[in-house]
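Working notes, beginning with the structure itself.
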Amino acid sequence: MLTWTGAALLLFFILCACGVVLSAATRGRCPMRVLVGFSVICSILMMLAAATALATGRSFEATLWNLEGLGSLKLRLDMLSAIFLFAAGLVYLPASLFVRNFVEARFRGRYPMRRYGVLHFALMASIVLILTANDAPLFLISWECMSILCYLLVNYEWGRQTDSRAGYIMLAMSEAGFLAVVVAFSIAGRGASDWSFPALGMAAAHLSNRAVWGIFLLGFLGFGVKAGLVPVNFWLPRCYTATPPIFVPVLAGITLNLGFYGILRLNADLVPSHGIGTGLFALVTGSITALVGILYATTDNDMKTMLAHSSIENTGIIVAGVGAFLVFRASGHGVAAAIALTAALYHMVNHSVYKTLLFEGVGDIEAATGTREMDRLGGLAHFLPALSVVFLVGCLSISAIPPFNGFVSEWLTLQSLLRSAVLLSPAGKILFALCGASLALTAALAVTCFVKVYAMSFLGIKRGEWKLRGHQKSTRPQFALTYLAIACFLLGILPTYVIPVLNRAVEPLVGTSATVSLVPPFFTATSENQQLPPAFLGDFHNIGAQTGREIFPGRGLVVLVRGSEQNPVIFAMSTSYGFIALAILLFVTWIVVTRSTRKRSVVRNELWAGGIPRLLPEMTYTATGFSNPVRVVFQAIFRPDIVEDTRKTVAVHFRTAILRRREETHLVDRLFFHPVGDAIGWFARLLAGMHHGRLNAYVAYTIGFLLVMLLLFRLS
Amino acid sequence: MSFWFWHGIRKGVQTTRYPRAPESAGGVTPGRPVTTEFHSAEEAALAASNCPANAIAADGNRARVDLRRCIHCQRCHFGEPHVLEWRSDYEWATAPTEKYEALPRSYRRSLHIIVVDAGDCGACLHEVKQLNNPFYNIHRLGMFFTATPRAADVLLVVGPVSENMRGPLLKTYEAMPDPKRVVAVGACAINGGVFGHTFMSAGGAASVLPVNLEIPGDPPPPLAVLDGLLVVAGRKPLILNESPVERNA
Amino acid sequence: MTATSSPVALFRRVELDRLAAAVQERFGASVSLSRGDGGVALSITLLEPRALPELCKFLFWDAGCSFGGLIVEERQGKWCLSYLFLAAGSGWIEILLQVLSSASSVPSTSSEIHAADWHEREAEDLFGLQFEGHPRLGDFILHDQIWPEGAAPHRRLQRKSMDAHQAHFRRRPNPDWRPLLVVRDPGAFAMPVGPVYEGGLGQSVHFLLETVGEDVVRAVPRLFYNFRAVEKIAEGEPVSRALLLAERFAATSSFAHSLAFSLAIERMSGAEVPVRAKHLRILLGELERLRHHAGAITGICESTALAVAASQAAIIEERLLRASCQFTGHRYLFGLNTPGGLRRDFTNESFAELLKSVDLATSELRVLEERLHFTSSFLDRLEDVGLVSPDQARDLNFMGPVGRASGRCHDLRLEYPYGGYEGYTFEVPREVEGDGYARLRVLFQEAYQSANVIHQAAERLQPGPVTAHCEAPSGGVALGWTEAPIGAALHWVRLDNAGLVERYRIITASFNNWHGFRVAVEDFAFQDFPIILATFGLSATECDR
């Protein structure tokens, strides 16, 4: 008997197959609308499957087929997978719609649509398979398919590729990560009866500490490749920049999350660690990743590269939350662990939404003006007013400004780090303090970064020589972007409805309910039913925490963590009430201002610039100038090489030009990529020495190898 | 750093009591020539011919002074055979036309001023700057200098409006929101002073902007500028005799 | 702290005869030497224009003369150029060059003497004279965005002279004008400052600070917003009117400029100024210097927002202004100088009053200086900020207190005394650091020395007349020079046969120092720009005329 979930999944796979067939068979003459429609329906089905699973709280299981020697391939949609599936579906919808804008313009004739359609639907299917896989072989096969499909999509416009190396690097890193994950699963499966996830989970209890550490490191870094953790993320900025704009939203919003899914599944669910060491490792790695990511984002001028670095920053925040969760769980603090994991999952969902929004916005900007350089843009709010509004929502969300969604998750993450007071180990406390400070710095830099992005691109006057391309100039906002902006807003003002949903995944992993810890039942508690202490309830009812009880369903609108007798409230916030208060305040202000200035007239005049004849674009602040202080303060990290600093003179002391150019090598490149690349090159050169073409030597190699093998067999 | 606080307190209050009480300290004003009776018409004519700025006109036995033209060269004060009487006052504000309208009531105790140096020799600008020093301290009267014309109510023009400053001056005026007033400070701003009307000098602010108030002198002392600002703010009435060139003669 | 030096050690006296011999030997046939007139000691007539840069380089770098300026005249269909140099202790040297106007191109000396750069640009703008090898002519005094090319308003050859009092000729503002930007860095931009800035309480100057975000890489000044063509207005006017112009084109140094003009006329007519007038002139000149420096110190304190110190310095300045007014009848000392002496005399009681005010001002300045020395937040903004090295000061010919703070110690009162300074003893301060704090220290020391000289002058006064009869001759030419508060001021006057002014040239220290100002601003944070501007204490209107 098929449940709703099962039906949705089945229909999803059927539609994907249809999509593949349609794209391949009809030679690309299938109308775009049909394919986009299929894709939209597929994403809705993904959300439906996840929603029904979360609503009922029951996991969905199914067996695909049996393979000789490896066991059967099973599917299972449990709560954790459901959250990720929902997030994926949420983002796939606008990503599918977004495709429509670009396809006609860019692809017609040159790059056949059928290939894109095939890849797109195949990727969708593989992502869902990864999320619903219940045994290692299915998981690994789908993962590999996903990596290859991603590579094919990244390098889709092969003729246009200015940096095709980016795709190769991504593929190489994906494969390296995959290998690490395979090894991790092999270690985990040594004592297990078969390769299914439940069996692996049961066998994990008998693993030695060293094995657990090994699995953790391999899994963490292996999945970290996809997520974008330092030190394995050097492919990410290059790759995101080189990817065509129709695919980047998927890459940043969905495949990034698969890395987190892998980490959570392997290291938190299947093979939990015993001590706090692994958790601290994750926390520190996450903090460093966040800081490095935002530093490079703040000083970058290409919008796409900047957003890629910002993705790295958000990855760091999520992983820091995961690390905190692991630490708290291992040391037995259930409430703190629940808060940390909730924060991490919430941030993951939020990041998918606003990052997709921002990438799609950048794609629109690039299509409209032809450039992504912030130094060249400026004044776009005048040319693209609808886009400026939604882009502003995206910037506010990612800068963690209430009442948008980024605020809630970052606030929860920082609060969970502050809970380190309950830890016993001093090393743990110190690390938590340092990482918390580092994340706070990251948050501040993120605001700088996105103020720069919005102000330099949309505000001010036009700085470059571009012209607006006709078809983009419309004041009607696009559906995809508006949908994402509204999602940002709703996720921000309704955290108390999101947290119970996330709790479905958190509770099995932690053992404590996040809803109970975070969302006190101000709506349902009364002095009779004693769900909360009467004094506490009375205090909060005095300030109006129960407002809206008749209108809104649910437990309450305040996110709160309770403490001990002396300190009843550790932290509390309510973006819902905050938003209502803000709206009322703005409305009242608007009324007062319009009434009191009714008799005044507004005269518009040109900009005051000190009396000069005209304010030229070269006299306005550039993005480089805005972020220069950050570059100067963190110079030790950036270490720019001054490539050119010449002062050309025409005659003595008459300077005609001062030419300056700097180049930077990314920190991770300097510390990891280049040394690793050099090492591999060295090793390869060493091996190349064996390929000299002499047949006799080859025969000798073979005989020698055979002798060594025989000896080994003899000895063992 | 606490030294500066005590040092300032010890030095005491230096501020003038003006406009509550007239300021009588020495050296606050160079004074001005006033209409003088001579014994004969020839003497009056000689006295008038001494003036390089044509500020003195002989009218029978009297030598009449047009203060708006006076450049304070002091040739009618000493050194020449026929000198005029000089009076040590400083309330010289006058208007180019009979109609003068002060700013509305709300500006009385809150006036924002922007000064534009349009070719000034430096003396008028320096005198205007002295309004910020502890002796005159216009802040106590609710008057402030702003850096942007968007927040300014009064435009003080100093200098004969050199050609290169004509554009910036007009831009400044246009950038000010209504209601606004323009005050020409100094003989140069009123009629070009010693520079006059040339290919490089417009001969006064009136050729470029509508001027509401004029403060004669070369340069007018800070108290004269302060008097003018009080008139603009509406705290003092502007008394115009039949002929706008003479005051309390 | 301050290192004051006696004149003997500072100024290496340049022997004129030896110099003349060296020039004759080196340049031989291209030059013809003679005694100058009107205040010029040595006149070198250049017969071969090509040798001009070489000769200038010899005089400036090898012989150690300081550069005075360039005077361009149009006489009888020819261009007469006169390059002025000062041989310390001996007198003025001028290089005369006559060029036929048809071949209107002169070799440029600005690669040898950088300070000549702006003089040549001014000559090109106002006269249309082309200087070969000068890479940056145009858009100087006559701003390109409103003046068409080739206006040359000072010319009178073959064209009706542009009467200064005629209405202007048609001008078309150019809406596509763009400034010339130098820095080519992907993120560079040019921050505009002015001409209406600081609420207008600063004089009208326009800067484009080219920066990449933190440091100013290139500062391009655009001055001459206050240009009123004083030199042109004076043409055809009697001496008494030109005196008014000399007094009023830069009022904060009005006494020094009117004195220079009067000295030129006196030199031309050969009049002997009475002794009492000489001492009084010195007293009044130093009074002006003291008041000017108090104002500059106020400006520096204001720029660093040290409010109490700024107010106290403003009190000192206002008291000096009032003392000047009580003593002379005008706060800025207008109407005192006249060719032949002073226009009025003073009573003994007024001297006593004045000396009391000067002493009070000096003691207050000492207190202020000492307390500023101990205010570290103030010094942090001034020390090592706005550096001008001694080499740069020499290169760019900095004058006045700015030059003295960078080791370039030239003072006309000692190098080539005028108007009675020969008998006075005073010191000229000298610093070598060249930063803002050094300039501030120089201002304080000079103020004390001015007070010292005022006392000396008051002591030396004997009763006597204060004016002598001075009839301006027809057809004379003379140079008058004074050390104005900002630096050396040169007034060069030529009268025609009717005794009216034919050519009036004013060369001021501000013109020179503004040219070199940008080296102090470049490579410093642009938040320091207003402070560096205040420590230089330059006057835009003195430069613009």
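Read the figures in this text as sums done on the coordinates, not as results from a lab. Note that the structure is a prediction, hence the values are computed from the model and not measured. Ideal geometry is used to build each Cβ from the backbone, glycine not excepted, and the neighbour counts take in all protein chains shown.
Structural remarks
- This ranking places A:Thr315, A:Thr3 by how few other beta-carbon atoms lie within 10 Å of each, fewest first, which gives A:Thr3, A:Thr315.
- Spin-label model, A:Leu490/B:Leu46: points 7 Å from Cα along the beta carbon direction are separated by 10.1 nm.
- Segment C:198-357 - convex hull of the alpha-carbon atoms, volume per residue in Å³: 147
- HN-Hα J in Hz across segment B:212-219 - Karplus 6.51, -1.76, 1.60, θ = phi - 60°, x for Gly and Pro: 9, 9, 10, 10, x, x, 9, x
- Equivalent-ellipsoid semi-axes of segment C:273-402, from the Cα gyration tensor, Å, largest first: 32, 21, 11
- Compactness index (Cα Rg / 2.2 N^0.38 Å), segment C:177-245: 1.63
- Cα-based convex hull volume of segment A:239-326 per residue, rounded to whole Å³: 75
- For segment A:348-412, radius of gyration divided by Kirkwood radius, i.e. Rg to Rh on alpha-carbons: 1.03
- One quarter of the surface of the convex hull around the alpha-carbon atoms of segment B:1-124 equals 13.0 nm², the direction-averaged projected area.
- Rg and Dmax of chain A, Cα atoms only, in Å: 27.5, 103
- In segment A:381-521, inverting the average of 1/r over every pair of distinct C-alpha atoms gives 18.0 Å as the Kirkwood radius.
- Relative pair counts by distance (%), Cα atoms of segment A:264-393, 5 Å bins: 2, 11, 16, 18, 14, 11, 9, 7, 6, 4, 2, 0
- Dimensions of segment A:433-589 from C-alpha coordinates, computed as largest minus smallest value along each principal axis and given longest first, are 69, 42, 36 Å.
- Charge tally in the Cβ shell below 12 Å around C:Leu461, where Lys, Arg are +1 and Asp, Glu are -1, C:Leu461 excluded: +2
- Sequence-distant lysines (8 or more away, or on other chains) whose Cα lies within less than 17 Å of C:Lys78: C:Lys160
- Surface/4 estimate of mean projected area, convex hull on alpha-carbon atoms of segment A:604-691, nm²: 12.5
- Under 16 Å from A:Lys304, Cα to Cα: lysines that are on another chain or at least 8 residues apart: A:Lys355, A:Lys452
- Global geometry of segment A:400-463, whether rounded, prolate or oblate, following the gyration tensor of its Cα atoms and the 1.5 cut on a/c: oblate
- With each label modelled as a point 7 angstrom along the Cα→C-beta vector, the A:Glu663-C:Arg178 pair spans 2.8 nm.
- Part-to-part distance (alpha-carbon centres) for segment C:395-459 and segment A:223-282, which is given in Å: 71
- Applying a length cut-off of 15 Å (Cα extent along the axis) and a mean Kyte-Doolittle floor of -0.5 to the DSSP H helices of chain B leaves B:222-233.
- Cα-only Debye scattering, segment C:429-505: base-10 log of I(q)/I(0) at q = 0.15, 0.25 Å⁻¹: -0.83, -1.13
- Relative pair counts by distance (%), Cα atoms of segment B:73-202, 10 Å bins: 11, 35, 36, 14, 4, 0
- The Rg/Rh ratio for segment A:183-338, using Cα coordinates for both the radius of gyration and the Kirkwood hydrodynamic radius, is 1.03.
- Once divided by 2.2 N^0.38 Å, the Cα radius of gyration of chain B becomes 1.05.
- Here the translational diffusion coefficient of segment B:173-231 follows from Stokes-Einstein with Rh set to the Kirkwood radius across Cα pairs; for 37 °C and 0.692 mPa s it amounts to 273 µm²/s.
- Compactness of chain C as Cα Rg over 2.2 N^0.38 Å, two decimals: 0.95
- Inter-part distance where segment C:8-83 and segment C:225-283 are each reduced to a Cα centre, Å: 26
- All-pairs alpha carbon distance profile, the protein assembly as shown, 10 Å steps from 0, percent: 1, 7, 13, 15, 14, 12, 10, 10, 8, 6, 3, 1, 0, 0, 0
- Rounded Å value of the spacing that divides the Cα centres of segment B:133-206 and segment A:291-335: 56
- Gyration tensor over alpha-carbon atoms, segment C:332-406, equivalent ellipsoid semi-axes in Å: 36, 24, 8
- Shape metrics for segment A:323-372, restricted to C-alpha atoms - Rg then Dmax, Å: 18.0, 55
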